[in-house]
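As structure tokens, the structure follows; a few thoughts come after it.
The values are calculated or read from the model by the stated rules, or taken from the named source; none is laboratory data. These figures come from a predicted structure and were not determined experimentally. Here Cβ is always computed from backbone atoms with ideal geometry, including for glycine, and neighbour counts include all displayed protein chains.
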Amino acid sequence: MIVSWMTTNRCNLKCEHCYQDAAECDSRELTTAEGKAMIEQIARAGFKIMIFSGGEPLMRDDIFELVAHAAAQGLRPVFGSNGTLITDEVARKLKEAGACSMGISIDSLDAAKHDAFRGVAGAHADTLAGIEACKRAGIKPQFIDISWNDRDRLLKNGDIDCLWCDYSPCYREDKYYWTEPYLTLTVSVAAKKTSGITSLAHLDGSKTIAVIAGSVSERRLLAGDLKISPDVQIKSYGSAELCKAALAKGYVDCWMADVQSLDRLVAQYPGVYRVFADNVMTVDLGVAFENSYEGPYVKSLNTVLFDMDRDGTIDRIVSNYAAEAKS
């Protein structure tokens, strides 16, 4: 669970979109002691991630102390900041206090447009400098789990910057602004060994196949353009876990998914399942941004992902998720 604390109403910028009318200190702002007490209550309530927002949270003199207290309570401190106040020293102190990640927005590649939107000349350059300081200090981007059905709302509202998961541009090319594909997944089918189903040729109208709702597998099956009988029955579920449960309970005859997921299923239940030798298709994965996005991250991500592919980093990461891998 995530909680966001508007730590202060103070801000050094004058952003057009600000819903807080942030400027000066508000008399209702919590003192250091009150803030610490609230953080302890939040931790006891079971929250895991604490977002320090504002205004501009770095306007608080006690922000490092509050971040350290949140980390000491077992919370994961993250930030929503405009980035302009982050120097190397500030980034170092944030890292030492326990800050895990920074959410910093760039509104345009054009510095003049960004500055006009933020209401202060030079904000664009200061924000980029703040991002670089975070990188040098080792403060990483923030990855959070979301309710998948809320993804488009969160993306449009700016609550998240992008969708980085097993998400493919296939059938969604015009819905989002995509990075270049960084990974290709192979999709196959798994069934119980006792079912007698061993290949795609066995999937006729008497068989039922599980897929994740909204997935490329579902779309391709419904379109009938795979090497599978168009008469096969399709059952769509909200998650991979539900697909696995349906297969285990016998509600479906087989499950179509990426080979890595199917291999993990086979490893988890030795001797129970088999993955078909004939693959169904390959699917490219990308990182999806809001369609009107104009920031620099897509270009930067494309460069980084290309370098990671070239030097073998992506292969090393993927190998951690192989059936026999150990973490």
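Overview of results
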item	result
Neighbours by Cβ (under 6 Å, 6+ apart or cross-chain): first from the stretch 157-176, within 17 Å of LEU285 (Cβ to Cβ); second aromatic (Phe, Trp, Tyr) and modelled with pLDDT of 90 or more	CYS162/PHE289; PRO169/TRP178
Hits in the stretch 241-257 (condition: surrounded by fewer than 20 Cβ atoms within 10 Å (Cβ to Cβ) and of a type outside the set (Phe, Trp, Tyr))	GLU241, LEU242, ALA245, ALA246, ALA248, LYS249, GLY250
Residue count for the stretch 120-141, restricted to those that are touching a strand residue (DSSP E or B) at 6+ places or on another chain (Cβ under 9 Å) and among the charged types (D, E, K, R)	1
Residue ranges of strands (runs of 3 or more DSSP E) in the stretch 203-305 with at least 1 members charged (D, E, K, R)	233-237, 254-258, 273-275, 281-285
Residue within the stretch 179-200 that is assigned to a helix (DSSP H, G or I) and closer than 30 Å to HIS69 by Cα present	no
Extreme residue, surrounded by the fewest Cβ atoms within 10 Å (Cβ to Cβ), among residues of the stretch 148-163 that are of a type outside the set (D, E, K, R) and under 20 Å from ALA213 (Cβ atoms)	ASN149
Residue count, the stretch 36-57 (criterion: in contact with a helix residue (DSSP H, G or I) (Cβ under 7 Å, 6 or more places away or on another chain) and farther than 16 Å from SER81 by Cα)	2
Lone qualifier among ARG28, ARG10 - being at pLDDT below 95, basic (Lys, Arg) and surrounded by 14 or more Cβ atoms within 10 Å (Cβ to Cβ)	ARG10
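Every residue, every condition in (1) modelled with pLDDT of 95 or more; (2) closer than 13 Å to LEU13 by Cα; (3) crowded, with 21+ Cβ neighbours inside 10 Å; (4) in contact with a strand residue (DSSP E or B) (Cβ under 7 Å, 6 or more places away or on another chain), yes or no:
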| residue | (1), (2), (3), (4) |
| --- | --- |
| LYS36 | yes, no, no, no |
| MET50 | no, no, yes, yes |
| ALA68 | yes, no, no, no |
| LEU75 | no, no, yes, yes |
| SER81 | no, yes, yes, yes |
| ALA97 | yes, no, no, no |
| MET102 | no, no, yes, yes |
| ARG118 | no, yes, yes, no |
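Yes or no, residue by residue, for (1) closer than 26 Å to SER101 by Cα; (2) modelled with pLDDT under 90; (3) surrounded by 17 or more Cβ atoms within 10 Å (Cβ to Cβ):
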residue	(1), (2), (3)
TYR176	yes, no, yes
GLY196	no, no, no
LYS207	no, no, yes
ALA210	no, no, yes
LEU226	no, yes, yes
